[in-house]
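Contents: one structure, followed by commentary.
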Amino acid sequence: MHQESPIKRRISRQIRVGSVLVGGDAPISVQSMTNTETCDVAATVGQINQLQAVGADIVRVSVPSMEAAEAFGEIRKLVTLPLVADIHFDYKIALRVADLGVDCLRINPGNIGREDRVRAVVDAARHNGIPIRIGVNAGSLEKDLQKKYGEPTPQALVDSALRHVDYLDKLDFQDFKVSVKASDVFMAVGAYRLLAAQIEQPLHLGITEAGALRSGTVKSAVGLGMLLAEGIGDTIRISLAADPVEEIKVGFDLLKSLHLRSRGINFIACPSCSRQNFDVIKTMNELEARLEDVVVPLDVAVIGCVVNGPGEAKEADIGLTGGSPNNLLYVGGVPDQKVDNAHLVDTLEKMIRDKIAAKQALEANTIARG
Ligand code: SF4
């Protein structure tokens, strides 16, 4: 049953990325990035729609050329999610996508070049009412900072970020967010901690190039978990060498585990052992696959035996405790019905969907009554 997060979030200045608020008291948004060829409009639109289906709030699209900028304009017309254009090296691409309806411009100050170019990007952003993300990355620090520090350090990342924050300040442009990503957890965490104490803008968190699905998930969860637990972070991206859909799923699981956001089912499941009275792992795999479409938050406990089953079931919206000859299902913490192994998954799915429908009806009623 829903728990409030004990985390006290850092108060940041709120910005708007399309329809999504970032910072302030807005929910921490979950982002991913397309990995299709941007010029392949159909494939990119298809992937953005897949990301939307699993709950993405914002999607970033790489725009490496003017041809890609024109394709971006087409993509913008075909999807509803807020889109961030990722621009490196050529500031003119930023100017073009600003005119084509982009919702945020991500620029890397380390490679966008001279101040007059940054100024041109800022003017375009101001003119179109869109924010900027200053995206500092340990792998592409400015040369003079690389020379000064010898190697990327948290302070070097922050120096790079502050240089551009100061410049935007000078131009009286405040609608931006900042990221200081590194692939090393301690370097990224150190940089974000330093930066959080020095600016008021929202922070976009990420451990860059974190790795493949399993290792990248662990690395991101450790790094982002440390920061989020301290209240730092307004929007996140889990960078995985995997299907971007997984990045969104992991992002929500991370926020759910810290009670910072709730979306879909929060499963509480035991690892199973020889005491189990039904196949816990098979049941969980089946339930997760069948209930992927659920967005309403719900706690569901799936526990193999009475050792921990009744305790967990009492705390969940719906609970299943393995037993012999029958398993016991709980609703709202109270025993509801017995079920045998053959009907377990079907019965649980139906109960979960009924509970969700009841929750939605209650919410609709509350809204209707004002
Ligand atoms: S709850 Fe029961 S089945 Fe599950 S791991 Fe513990 S003892 Fe084993």
task = Check region 241-248 and report whether any residue there is without any contact (Cβ under 8 Å) to a residue 12 or more places away in the chain, outside any loop (DSSP other than H, G, I, E, B) and assigned by TED's automatic domain parsing to the domain that holds Leu81.
result = no
request  = For Thr283, indicate whether it is open to solvent by less than 20 Å² (accessible area, probe 1.4 Å), over 27 Å from Leu162 (Cβ atoms) and touching a residue at least 12 places away in the same chain (Cβ under 8 Å).
outcome  = yes
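Quick test for you: out of Val339, Val296, Val307, Val345, pick the one residue that is at pLDDT below 95 and farther than 30 Å from Ile7 by Cα. Quick ask: steps written out before the conclusion?
Details: Val339 fails: at pLDDT below 95; Val296 fails: farther than 30 Å from Ile7 by Cα; Val345 fails: at pLDDT below 95.
Val307 is the lone residue from the list that is at pLDDT below 95 and farther than 30 Å from Ile7 by Cα.
Among helices (runs of 4 or more DSSP H) lying entirely in region 69-142, which contain 1 or more residues that are open to solvent by 40 Å² or more (accessible area, probe 1.4 Å)? So that I can check it myself, show each step before the final result.
Working: elements: 91-99, 109-112, 115-128.
Where helices (runs of 4 or more DSSP H) fall fully within region 69-142 and carry at least 1 residues being open to solvent by 40 Å² or more (accessible area, probe 1.4 Å), they are 91-99, 115-128.
Within region 312-328, identify whether any single residue is acidic (Asp, Glu) and free of Cβ contacts under 8 Å to residues at least 60 places away in the same chain, and answer yes or no.
The first filter runs over region 312-328 and keeps only residues acidic (Asp, Glu), leaving 312, 315, 317.
From the residues that got through so far, the ones that are free of Cβ contacts under 8 Å to residues at least 60 places away in the same chain too are 312.
Yes, region 312-328 contains a residue that is acidic (Asp, Glu) and free of Cβ contacts under 8 Å to residues at least 60 places away in the same chain.
Hey, among the residues in region 262-280 that are of a type in the set (S, T, N, Q) and in contact (Cβ under 8 Å) with a residue 24 or more places away in the chain, which one's surrounded by the most Cβ atoms within 10 Å (Cβ to Cβ)?
Top of the filtered list is Asn266.
Answer with yes or no whether Leu145 is in contact with an Asp or Glu (Cβ under 8 Å, 6 or more places away or on another chain), free of Cβ contacts under 8 Å to residues at least 40 places away in the same chain, assigned by TED's automatic domain parsing to the domain that holds Gly23 and not basic (Lys, Arg).
On the way: in contact with an Asp or Glu (Cβ under 8 Å, 6 or more places away or on another chain): yes; free of Cβ contacts under 8 Å to residues at least 40 places away in the same chain: yes; assigned by TED's automatic domain parsing to the domain that holds Gly23: yes; not basic (Lys, Arg): yes.
Spelling it out, Leu145 is indeed in contact with an Asp or Glu (Cβ under 8 Å, 6 or more places away or on another chain), free of Cβ contacts under 8 Å to residues at least 40 places away in the same chain, assigned by TED's automatic domain parsing to the domain that holds Gly23 and not basic (Lys, Arg).
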inquiry  = Going through Leu203, Leu255, Leu195, Leu240 one at a time, which residue ends up being over 19 Å from the mean Cα position of the chain (by Cα), aliphatic (A, V, I, L, M) and away from the ligand (no atom under 16 Å from the Cβ)?
reply    = Leu195
task = Considering (1) buried (at least 16 other Cβ atoms within 10 Å of the Cβ); (2) part of a loop (DSSP other than H, G, I, E, B), say which one Gln31 fails and leave the rest.
result = (2)
query = Just one of the numbered conditions (1) surrounded by 19 or more Cβ atoms within 10 Å (Cβ to Cβ); (2) within 15 Å of the chain's Cα centre (by Cα) is not true of Ala182; which one?
reply = (2)
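Could you tell me whether Ala342 is more than 16 Å from the ligand (Cβ to nearest atom) and under 26 Å from the mean Cα position of the chain (by Cα)? Reasoning before the result, please.
Details: more than 16 Å from the ligand (Cβ to nearest atom): yes; under 26 Å from the mean Cα position of the chain (by Cα): no.
So Ala342 fails the test.
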task = Answer yes or no as to whether Val307 is assigned by TED's automatic domain parsing to the domain that holds Lys350, in a loop (DSSP other than H, G, I, E, B) and away from the ligand (no atom under 16 Å from the Cβ).
result = no
request  = Hey, can you tell me all the residues within region 258-304 that are within 16 Å of the ligand (Cβ to nearest atom), of a type in the set (Gly, Ala, Ser) and within 18 Å of Ile318 (Cα to Cα)?
outcome  = Ala269, Ala301, Gly304
remark   = Over region 315-335, the set of residues buried (at least 16 other Cβ atoms within 10 Å of the Cβ) and within 30 Å of the chain's Cα centre (by Cα) is Ala316, Asp317, Ile318, Gly319, Leu320
key: Residues satisfying the stated conditions in region 8-24, i.e. under 19 Å from Phe252 (Cβ atoms) and surrounded by fewer than 22 Cβ atoms within 10 Å (Cβ to Cβ)   = Arg9, Ser19, Val20, Leu21
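The values are calculated or read from the model by the stated rules, or taken from the named source; none is laboratory data. Since the structure is predicted, the reported quantities are computational estimates derived from the model, not experimental observations. Please note: Cβ atoms are built from the backbone with ideal geometry, for glycine as well, and neighbour counts cover all protein chains shown. What goes into the accessible areas is simple: the full protein's heavy atoms, side chains included, and nothing from ligands, DNA or RNA. Shrake-Rupley method; radii C 1.70, N 1.55, O 1.52, S 1.80 Å.
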